[in-house]
């Protein structure tokens, strides 16, 4: 009975057309062209590499897509237990007529050809969105993105600010900033002006969020204009910054961005906890890990200083979920946001989602985002989440707390779609 | 079959009359007078505030109880997913005739009136205890509480020592100590005498525990009399203490209290991990959070130095439960104590309770306490715990380990009631 | 239906003959002689002590085995909830004809006698292995073990290196090293030579792994020969090392051992996170605990520097499992290894195993090891794991992901046995 109920709730959740609040879609090339675009997703290249495939086999210069897919498929039997491979199989079954439950050396070539034919249909992108129950998709845009050449109603810009906060000391970053805004960075005043220019540009193109990923050691703090000016002056005269000065500069830029979020009424997505390049000889995008010794207490000053800015927060380490639940339960401006990267597997989504649904106001939970690079992954990733959500709604709400099915569905709808609309104002 | 068995076990657990080993009940006003006493519980005010209700709406000076309830009820539809709201609904159904499964703008006024009438019955306090299956309730008493005017058999005093350990540098605290004991604090000797006086007073009034909540950074240590005297002298001559001296003073007082626990044979409840005033503009009692980077290794010296003192330990961060289980498994004087505050939701109680029942001697587990401020919350909170306990006893013990139902029930009875008696000597 | 399926899978898993990849078996006295060898396992002595039995009662000099068992049995009713006691009961039922579900003051003496008679059978060791489904068992050998007098096909040597890394500053350790290798330690060169000698000796006797347990604070790092020589010289002239120098010496030895692992193609088992002697007056082997504030980021340099060395990693704190899953997912040379000590209870094995099966390549997971001191514990400990594995294969793979039973069993077989063969080359 519980299985039937779960099935019924899942069927209803499936009907909800979604807005995906975070992805890495390139709006000018949103869908895939060959299976290589799918198997090239870092989940498969890094897992294949982890299971023994040499990086050179994957990233060989000039490698044609079909050969690359063939090499990766040879490894899939070492990875087929992973939920990531289950996404791939599920989407190939749904979109490309795969009837087997595995992708193997024996069946991949015909799959490759069928997928290529499908992807070549002129409206594949639109078909894929429709078949995936996706209406609108948030992007991750470099701060100097022109935001031209795509439909900002379908693909919602989001100002990604990692480079500004952590790489402003690089000449290249400052040159990109100047090019994007027309403003020469000569001190704090012009830096503020330039940042303001970015927000004006992004919001004029319907951006609905600012976003950043943050290392475990980072703790936002207000930096005085005088201190920031001193660091910036030193930098602009070509000197190297000390470690402390570097951090101060990052803190200053981060704080200034948050001020702009307040002014332009943009939520600031914080993705907390990633260490970059922990395995520097790993494959592309398969080099980052984390140190779980991080706490949201590091963000105390920020949350207190900006009561009007909403912070949708993702945490990388699963153990951070309890703090996230608790901080969202107390701070009006903190909301839970999806299940990120290394925490995005059912074993962690289920307990994390359960705790959020039990202790965070229902209006303050963004259930899930895809984080995808290619549209085809939206459906299987959201489907994984919907299955878990249906299970929790069934067990915790309908059975244990005797909610009606329609009450449970309303809660599901709210975390899947409603809160994306209300929190990001879309 | 498993559901029936669980139901049967729960029905048996329901019959056990309990001693609640930790609450914040005011023994002179133990039960509520209006629904405002219930909705004024910080869980509701902080969640409503988190979901958007301005603090000024909740804490407006002179606000009458009924208006306050009305304002909070307006927010409940944003919070009705939370287990905290489920406690409120459950108790209103049980005690005040609520028949709906929600408290809404449409039904709250009649509920308010019914509750007020019920609460006005002269024996409501006794009725409530009986209907809740509660026999005796531990209190949380300020160190300068006279402990007069109530039945110490029903309401068991507990010496709460946060102020002494963390706020002795405040003149007000020392004045309260002097007033309570008649001893002027002029150095370590008189401080020890005063603390001894408190223990004499509390135990003469049937206190059965000493208790304290502790921040994540605190690490107990023995401080020499000479060092303590130096710090205390500096303080008493009106000088400000350095951060290190402050910590030393806290450590000295804490260690001295533990010595008194040994002498007076009182268990020392340690509630580990809370950061106070993280969100200082939050509502009353809705400002505290935590930094989960804490370890019980910080208490190593304490546990070794006081083998005759029992330390019932509560941890705030869910991730601390594994250390708590392990330290209780090894140290004879460490016992597990309830599920505290941010860890007191089913998503965390269930795995935490499961791990304790699997790895800590059954004599060393205090299953649950209510932490309530008003008697009406005892029943729904214990009921939440009993449901989880029944599920674990069913699944892990009767099904997986083939225990008889009566063996499983005996274990349940022991963690719910038996250990409270044996550990606190009540 | 799910329960039947789980039962069917478990029955198949039961048939797999295992290689136990980590134990503390003494190959010259592998099985027990009396029940005292079983009840003397630190799990029972430390839990009994934790529940109130004085250390002197357990470790009284000259205590005869039967009296010792009697004293421990008197305490078992305080511990019978623990999974550790369930191992004891299960093995006594399987091997020694116990028909009750408890070991009590009323039944233990006849059990003692029956067990003693069984253990006295000349082929008990072989019987026990066969009845346990165990074919080969890895040992934990001191670095100066002669490795003589036993069948290295059945009992596979493993070079345990804690003493070398953390106690080389003790004269006794250096004397043992000299005695084992014939090399006087006069500096870095001779130390390297001696270590090389150990690896030659161990691999000549079919050793298949090097192993070490590590405290939470340890972070491997390369130390220059010059720096190492300076520290070693200071040590050899009889001076005390500073804390920093001690750490440098540990790091140097650890790094040198890893170089030998590379040269001799031995996996290096890292057991991360134990603090020794936290409770120094506890019973034998019942004194160690942990500080969960540890991160695998501390091993970043090591994993990058030794791509050809496989590191099977065990973590002590349950919260470390997420990092272990993630690091194994990214680093080709990191593999997950069993469920260690305080994490070796069903409440933690189940979520940990689930996460690994969902996100780590199936070729990179060593499901379980017994960690046993006496052969009789192999069966109940592996059985506990098999039950959890059967449940996860049933729920997550056959039901949720619609794998066939034979596909699920193949995955189970791989983590239980296949990967032990492929990773350790046995």
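Annotations
- From A:168, A:134, A:191, residue being touching a residue at least 40 places away in the same chain (Cβ under 8 Å), under 30 Å from residue A:417 (Cβ atoms), crowded, with 16+ Cβ neighbours inside 10 Å and not assigned by TED's automatic domain parsing to the domain that holds residue A:38: A:134
- Residues being within 18 Å of residue A:316 (Cβ to Cβ) and more than 7 Å from every other protein chain (Cβ to nearest Cβ) - total across region C:329-349: 1
- Qualifying residue in region B:155-164 (condition: modelled with pLDDT of 95 or more, surrounded by fewer than 20 Cβ atoms within 10 Å (Cβ to Cβ) and within 23 Å of the chain's Cα centre (by Cα)): yes
- Total residues in region C:33-67, condition part of a loop (DSSP other than H, G, I, E, B), in contact (Cβ under 8 Å) with a residue 40 or more places away in the chain and farther than 13 Å from residue C:284 by Cβ: 2
- Residue A:319 being at pLDDT 95 or above, facing chain B (nearest Cβ under 8 Å) and more than 20 Å from the chain's Cα centre (by Cα): no
- Residues that are more than 14 Å from chain B (Cβ to nearest Cβ) and part of a loop (DSSP other than H, G, I, E, B), drawn from region A:367-426: A:368, A:369, A:370, A:371, A:372, A:373, A:374, A:425, A:426
- Hey, residue C:27 surrounded by fewer than 17 Cβ atoms within 10 Å (Cβ to Cβ), more than 14 Å from every other protein chain (Cβ to nearest Cβ) and not in a helix (DSSP H, G or I) or not: no
- Scanning region C:173-203 for residues that are outside any helix (DSSP H, G or I) and in contact with a strand residue (DSSP E or B) (Cβ under 9 Å, 6 or more places away or on another chain) yields no hits at all.
- Qualifying residue in region B:165-172 (condition: farther than 30 Å from residue A:322 by Cβ and in a helix (DSSP H, G or I)): yes
- Within region C:294-329, being surrounded by fewer than 18 Cβ atoms within 10 Å (Cβ to Cβ) and farther than 17 Å from residue A:276 by Cα holds for C:305, C:307, C:308.
- Pairs with Cβ under 7 Å, 6+ apart, first in region A:274-302 and away from chain C (no Cβ under 12 Å), second surrounded by fewer than 22 Cβ atoms within 10 Å (Cβ to Cβ) and part of a strand (DSSP E or B): A:297/B:275
For (1) modelled with pLDDT of 95 or more; (2) closer than 25 Å to residue C:342 by Cα; (3) buried (at least 18 other Cβ atoms within 10 Å of the Cβ), each residue gets a yes or a no:
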{"position": "C:245", "(1), (2), (3)": "yes, no, yes"}
{"position": "C:251", "(1), (2), (3)": "yes, no, yes"}
{"position": "C:258", "(1), (2), (3)": "yes, no, yes"}
{"position": "C:264", "(1), (2), (3)": "yes, no, no"}
{"position": "C:270", "(1), (2), (3)": "yes, yes, yes"}
{"position": "C:274", "(1), (2), (3)": "yes, yes, yes"}
{"position": "C:279", "(1), (2), (3)": "yes, yes, yes"}
{"position": "C:286", "(1), (2), (3)": "yes, yes, yes"}
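- From the options A:175, A:206, residue that is touching a residue at least 24 places away in the same chain (Cβ under 8 Å), in the same structural domain as residue A:301 (by TED's automatic domain parsing) and either within 30 Å of residue A:278 (Cα to Cα) or over 18 Å from the mean Cα position of the chain (by Cα) (or both): A:206
- Residue match in region B:340-355 (condition: outside any helix (DSSP H, G or I) and on the phi > 0 side of the Ramachandran plot): no
- When residue B:352 is tested against (1) at the interface with chain C (Cβ under 9 Å from one of its Cβ atoms); (2) under 24 Å from residue A:400 (Cα atoms); (3) under 16 Å from the mean Cα position of the chain (by Cα), just one condition goes unmet, and that condition is (3).
- Number of the exception - residue C:151 against (1) assigned to a loop (DSSP other than H, G, I, E, B); (2) touching a helix residue (DSSP H, G or I) at 6+ places or on another chain (Cβ under 6 Å); (3) surrounded by fewer than 21 Cβ atoms within 10 Å (Cβ to Cβ): (2)
The values are calculated or read from the model by the stated rules, or taken from the named source; none is laboratory data. Remember, it's a predicted structure, so these values are computed and weren't measured experimentally. Methodologically, a virtual Cβ is constructed for each residue, glycine included, from the backbone with ideal geometry; neighbour enumeration extends over all protein chains shown.
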